[in-house]
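Chemist: Pasting in a structure now, in structure tokens, and then I'll have a few things to ask.
The values are calculated or read from the model by the stated rules, or taken from the named source; none is laboratory data. Computed from a prediction, not measured in an experiment: that's the story for all the values here. Here Cβ is always computed from backbone atoms with ideal geometry, including for glycine, and neighbour counts include all displayed protein chains.
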Amino acid sequence: MFSPRAGTASSSPSHVVMPNLADALERLGLTEYLGVLTENGFSTWETVLDITEDDLTALSFKLGHRRALQREIATFRGIPATLSLDPDGNATVPAPLSTSALENLSRQSSNTPSREKRRYRRHPRPDNNAPKKPKTAYVNFADHLRTDPAISSLSFVDIAKEVGRRWQHLPADKKRMWESQAARAMQEYEAQMDEYKKTDLWRKYHAYLEEFKAQQAQAKNVKRGNGAGATNMIRNGYSRASSSSSDSSPVSVPSSGSNKTEAELCHNSLTFAFSELVSLRGEILAQGGVQNYDEKNLPAEQLTRRAMHAFVRGTGSLLYMWTYTQVDEILDRIYRPEKPVDAMTLAECFTVAAMGAHYDLDCFPDRIRRALYASGTLHFHEKTARLDYMRTMRLLLSMSFYALLEKHMSARYLVAAGLQIARWKCPAAQQSNVDTANDNWKRIFRSLIFMDSWLSYTLGYTSEVTPEDVAVACTSWQPDLTTMEELIHTQTSKIGLIAAEIAKTLVSPELATRENMEMLHCKLDVWRTEVPPPLQISALTSEHPPELTLFQRRAILMVHIMYLGAVLLLYRQLLVAAAETSLTDGASWNLDLAEGEVARYKNECAMAASQMARILSLISFDGTLTKRCWLTIYWAFTACIVLLFSAANKLLDGQPDGVDEDFTFAKGCLDMLEPCRTFEPIAHRYLEILWPLYDSLRDIHQRMVGRAKTSIFSLLQSTTPPQLSPAIPVSKEEMGPISEKLSQLLTDPFGRKLTVPSDSRRRILSPDGTHLVFWWR
């Protein structure tokens, strides 16, 4: 049995925080050695720092694995990566056979004759107010195993050995499940940290940390002299590599602002996206009754073609993803193959068919729809993704669309991966070169931008889109050749980008300043005035409207709905602030706006919601627009909230004029949601929330304006107007809960700001069912 050298002290600087050995090995992909290391006395990273080449040989480390571990130790000690791990043949002191390569590296980079005994190092006090950082996938897996009495009864060393062995032999799909759960927890932790960093508690702790670091640096400079520079290099170098660093996260969605290359960002995004796909597939398979489709077990061609065409028909006018020609070619390659069918083609077929089943509800039952999508994810993995980045980008877009229809958070990470591929591989557009392949790249890139913008301003996440993305994807180089679909696709992305900017700029009420409001209002006005004439509402309602298909007309209406939705986003904070002011007699007013300006903005917001209700009434469900349409359901819900909010504010201010009109349009939105109730659980839950609020406000309004007397005498007096009972004033105590409920739904429709346990954040409901965390899993 081998153990760490008793007489060898660690050469790591005394102030470096020692990482957890299990985490370090997991990050290096060497978890299989955790058990044998622990069994032989190397139970901490501190002891592993002094492991020798002979030790690694005796412990049966593979040659490549021992080099990976040695390089990590060298990096931790601050030894540059440019230095080889092999001993220098010209070293003045010959190395004995049992001395490790890392000890020889120390001789290359330092002339220190001996290492001092490690001294006690002061640590800053922890921040008890900060969100708790979640555990890694491996640690969660270990905790799960320890619940087994057969495992928990073992010794600590045997537990570590057994956990390492089981993790090593865990199937890839199950391991991805654990990694995805950890990634979700880390994502929620980062969101919580972003919120925490806005508080005074964080600023106080940050000031304390800076002062603490300054004091420690001063003390080290006195004691160490010139050694401080190397020490800082070691500390900073390891903090970037460590998975436990608080400044970096292995599960964050990579952004284009990173110092990493585009290829690295693309690889990281794909890795995380596939872990989310595994998570969604696991949830589908857990429901049972799901069969896998492949080239030998295919669904009926006629139904598959019908489903794929339904998806192209339902989305093609609004977003570019697939054409009828492309899906027919896929079907021919699968059902009439001239050569073996590749995995990417199968993934495309099954994914598009699954999405089409959302649009043609009579095509496939839900069980088959889920099976098709699960089968598509099985054939789409990192190996196939690197064969054709154009097809990969489009398939990521398609799968994100399905995830969005299923209200699953993986949509965001699939879009982020698609954007990274687009930035890395999208050919540069040339004005003088009309290339169909390049145009397809740009069109898919533009659709990804729209999807990212939609998720950004509806879920409250920061958009991943950069100005460079917009310049490449949203600019038409051949305006004379632009088709109607191209015009619609471009305007869809442009209004989505403006809406995302509004949500980002006005993330809290105090940011609703006059300057911000005017700037964003100006951008909306510019978009409205620059809408091409064929896409304007006046053109659609004129005596000689442009020749459009039913789907093009619907797409144009949806573009204007999104514009009106951006107007609602612009003014929603003002509605909330105005309601709070009325309830508190002006005590909570803190906006940089005059009351007259606020009144004007409130009216514009209510008018936008009324117009949205009118346009929604023009859209009927006849098979061309699914009853699960996420755009229709979301905006009908939002418009209804704004209209009810407008009615509540008028009642609270004692001004009942216009309330009846608000109620009429609000009911129109509710009627728009009713056909979706039996097909989409979200629509059902929305209606369960909105109908009670609508009924309560109607009752309050009738009490306020008075009721007709129901006596026989009044009924017999047909020649005189009915007498009304005296008006009943509206109580702030009665209106307060309703206004608060509407405020919550308006500013946070998906319940992201609701404080819930991190392990169930995507599914938790508040006791009264009003927080829509269940929208996104």
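Chemist: Kindly provide the set of residues from the stretch 487-505 that are touching a Lys or Arg at 6+ places or on another chain (Cβ under 9 Å) and in contact (Cβ under 8 Å) with a residue 40 or more places away in the chain, ordered by number. Write out each step before concluding.
Modeler: Taking the stretch 487-505 and keeping what is touching a Lys or Arg at 6+ places or on another chain (Cβ under 9 Å), we get 489-490, 492-493, 498, 501-502.
Of everything in the stretch 487-505, those that are touching a Lys or Arg at 6+ places or on another chain (Cβ under 9 Å) and in contact (Cβ under 8 Å) with a residue 40 or more places away in the chain turn out to be 489, 490, 492, 493, 498, 502.
Okay, residues lined up against (1) in contact with a Leu (Cβ under 6 Å, 6 or more places away or on another chain); (2) surrounded by fewer than 12 Cβ atoms within 10 Å (Cβ to Cβ); (3) at pLDDT below 80:
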{"site": "163", "(1), (2), (3)": "yes, no, no"}
{"site": "170", "(1), (2), (3)": "no, no, no"}
{"site": "184", "(1), (2), (3)": "no, no, yes"}
{"site": "225", "(1), (2), (3)": "no, yes, yes"}
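Chemist: Test residue 269 against the stated conditions and say whether it is modelled with pLDDT under 50 and either more than 19 Å from residue 175 (Cα to Cα) or not assigned by TED's automatic domain parsing to the domain that holds residue 189 (or both).
Modeler: no
Chemist: Could you check the stretch 332-352 and list, in sequence order, the residues that are assigned to a helix (DSSP H, G or I) and farther than 20 Å from residue 385 by Cα?
Modeler: 332, 335
Chemist: State all residues of the stretch 375-384 that are of a type in the set (A, V, I, L, M, F, W, C) and surrounded by fewer than 23 Cβ atoms within 10 Å (Cβ to Cβ); if no residue qualifies, say none.
Modeler: Passing the criteria: only 378.
Chemist: Sticking with this one: Restricting attention to the stretch 671-686, and to residues there that are under 19 Å from residue 741 (Cα atoms) and either β-branched (Val, Ile, Thr) or buried (at least 19 other Cβ atoms within 10 Å of the Cβ) (or both), which single residue is nearest to the chain's Cα centre (by Cα)?
Modeler: 682
Chemist: Here is a further query. Six or more apart or on different chains, Cβ under 7 Å: which pairs go from a residue in the stretch 339-361 that's assigned by TED's automatic domain parsing to the domain that holds residue 328 to one that's among the acidic types (Asp, Glu)? Could you list them?
Modeler: Here the result reads 341/295; 344/388; 346/294; 346/295, each pair linking the stretch 339-361 to a residue that is among the acidic types (Asp, Glu).
Chemist: Another question about this same structure. Exactly one of (1) surrounded by fewer than 16 Cβ atoms within 10 Å (Cβ to Cβ); (2) touching a Lys or Arg at 6+ places or on another chain (Cβ under 8 Å) is unmet by residue 529. Its number?
Modeler: For residue 529, the failing item is (2).
Chemist: I would also like to ask the following. Would you pick out the residues in the stretch 598-614 that are of a type in the set (A, V, I, L, M), at pLDDT 85 or above and out of contact with any Phe, Trp or Tyr (no Cβ under 9 Å at 6 or more places or on another chain)?
Modeler: Scanning the stretch 598-614 gives a single hit, 607.
Chemist: Exactly one condition in (1) crowded, with 16+ Cβ neighbours inside 10 Å; (2) part of a helix (DSSP H, G or I); (3) at pLDDT 75 or above is false for residue 194; which is it?
Modeler: Among (1) crowded, with 16+ Cβ neighbours inside 10 Å; (2) part of a helix (DSSP H, G or I); (3) at pLDDT 75 or above, the lone unmet condition for residue 194 is (1).
Chemist: Residue check: is residue 470 over 21 Å from residue 575 (Cβ atoms), part of a helix (DSSP H, G or I) and outside the structural domain of residue 318 (by TED's automatic domain parsing)?
Modeler: So residue 470 fails the test.
Chemist: Tell me, yes or no, whether the stretch 200-210 has at least one residue that is among the hydrophobic types (A, V, I, L, M, F, W, C) and without any contact (Cβ under 8 Å) to a residue 60 or more places away in the chain.
Modeler: Checked the stretch 200-210: at least one residue is among the hydrophobic types (A, V, I, L, M, F, W, C) and without any contact (Cβ under 8 Å) to a residue 60 or more places away in the chain.
Chemist: Considering every residue within the stretch 379-388, establish whether at least one is in a helix (DSSP H, G or I), assigned by TED's automatic domain parsing to the domain that holds residue 312, over 25 Å from residue 450 (Cβ atoms) and modelled with pLDDT of 90 or more. Talk me through it step by step, then tell me what you get.
Modeler: Restricting attention to the stretch 379-388, the residues satisfying the condition of being in a helix (DSSP H, G or I) are 379, 382-385.
After this cut, where a residue has to be assigned by TED's automatic domain parsing to the domain that holds residue 312 as well, the list is 379, 382-385.
With the extra rule that they be over 25 Å from residue 450 (Cβ atoms), the set shrinks to 379, 382-384.
If we keep only those that are modelled with pLDDT of 90 or more too, we end up with 379.
Scanning the stretch 379-388, I find at least one residue that is in a helix (DSSP H, G or I), assigned by TED's automatic domain parsing to the domain that holds residue 312, over 25 Å from residue 450 (Cβ atoms) and modelled with pLDDT of 90 or more, so the answer is yes.
Chemist: Select from the stretch 497-552 the residues that are over 29 Å from the mean Cα position of the chain (by Cα) and assigned to a loop (DSSP other than H, G, I, E, B) and list them in ascending order.
Modeler: Answer for the stretch 497-552, where residues must be over 29 Å from the mean Cα position of the chain (by Cα) and assigned to a loop (DSSP other than H, G, I, E, B): 531, 532, 536, 541, 542, 543, 544, 545, 546, 547, 548, 549.
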